[in-house]
Amino acid sequence: MPTGPGKEKKLIIVSAPSGAGKTTIVRHLLSCNLGLAFSVSATTRAIRPGEVDGKDYFFISEEGFKSRIKKGDLLEWEEVYKGTFYGTLRSEVERNMKKGFHVIFDVDVVGGINIKNAFGERAFSVFVSPPSVSDLEIRLNKRHTDSEETIRKRMEKAKWEMEFADKFDFILVNDDLEKAKAEVLAKVKEFLKN
Ligand code: ADP
Ligand code: 5GP
């Protein structure tokens, strides 16, 4: 359900190294009737089994992505992994806010910091931290969605990303999932209330 018109719409940013549990946390928040809508990003990566174009991402070619950059369609974008681009579409944010929703983002750590800097107090940024970096590797292996090479690249990046945690409004340690869900829900509710 969208929230009523009038009040300024807000942004909830969820960032983390891959495998820390961002998607799980974002899905949970979306299911809690907070008036949130997901910002569907554009990406050049291959679609994974179970993903839906236009729902999980807009899957586009590198050429299409670069032309979107040129046209100024992207609020922020990153070459998150070498040769793989991801970006937030301005149109997604505007469309959802016009419909009366607050917008929630699942973006990498640098993208999260950039969106927070652009929106300041209107945005609440959450860094999802794994209990340890080795837990990340275990989770990515168990998820069975990425090749060994992809997991290796993601682990390299994760170690660097962990250093940015203190740039976020809130660090959520995702060890016990149920506890993490309750904690983040309380924080987001508090932010949306004000
Ligand atoms: P991300 O979006 O950050 O890459 P996901 O939400 O896909 O991470 O989580 C990575 C994997 O870890 C998934 O298989 C998910 O079910 C699992 N997972 C998430 N949170 C926990 C947790 N607290 N304990 C154990 N496994 C978890
Ligand atoms: P995945 O390929 O696992 O879906 O996502 C890989 C990484 O890209 C994740 O950290 C995810 O949050 C990030 N990502 C997804 N969309 C965007 C986006 O629009 N901008 C940025 N900067 N990162 C994104």
**OP:** With the checklist (1) more than 10 Å from ligand 2 (Cβ to nearest atom); (2) under 25 Å from PHE164 (Cα atoms) in hand, flag the one item PRO49 doesn't pass.
**Re:** (2)
**OP:** Residues being modelled with pLDDT of 95 or more, closer than 21 Å to ALA158 by Cα and under 12 Å from the mean Cα position of the chain (by Cα): count how many of those fall in region 17-49.
**Re:** 4
**OP:** Note down all Cβ pairs under 6 Å where the first residue falls in region 121-144 and is more than 8 Å from GLY19 (Cβ to Cβ), the second is part of a strand (DSSP E or B) and among the β-branched types (Val, Ile, Thr), and they're at least six residues apart or on different chains.
**Re:** ALA123/ILE13; PHE124/ILE12; SER125/ILE13; VAL126/VAL14; PHE127/ILE171; SER129/ILE171; SER129/VAL173
**OP:** Pull up region 101-152, narrow it to residues that are open to solvent by 50 Å² or more (accessible area, probe 1.4 Å) and in contact with an Asp or Glu (Cβ under 6 Å, 6 or more places away or on another chain), then point me to the one that is modelled with the lowest pLDDT.
**Re:** PRO131
**OP:** Give the number of residues within region 153-194 that are away from ligand 1 (no atom under 14 Å from the Cβ), exposed (fewer than 15 other Cβ atoms within 10 Å of the Cβ), among the basic types (Lys, Arg) and farther than 17 Å from ASP108 by Cβ.
**Re:** 2
Original post:
Is it the case that region 45-59 has a residue that's of a type in the set (Val, Ile, Thr) and assigned to a helix (DSSP H, G or I)?
Top reply: no
Subject >> Condition met for GLY87 (more than 23 Å from ILE113 (Cβ to Cβ) and touching a residue at least 40 places away in the same chain (Cβ under 8 Å)) >> reply: no
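The values are calculated or read from the model by the stated rules, or taken from the named source; none is laboratory data. Please read all numbers here as calculations on a predicted model, not as lab measurements. With ideal geometry, Cβ positions are generated from the backbone for all residues, glycine too; neighbour counts draw on all protein chains shown. Heavy atoms of the whole protein, side chains included, go into the accessibility calculation; ligands, DNA and RNA do not. Shrake-Rupley method; radii C 1.70, N 1.55, O 1.52, S 1.80 Å.
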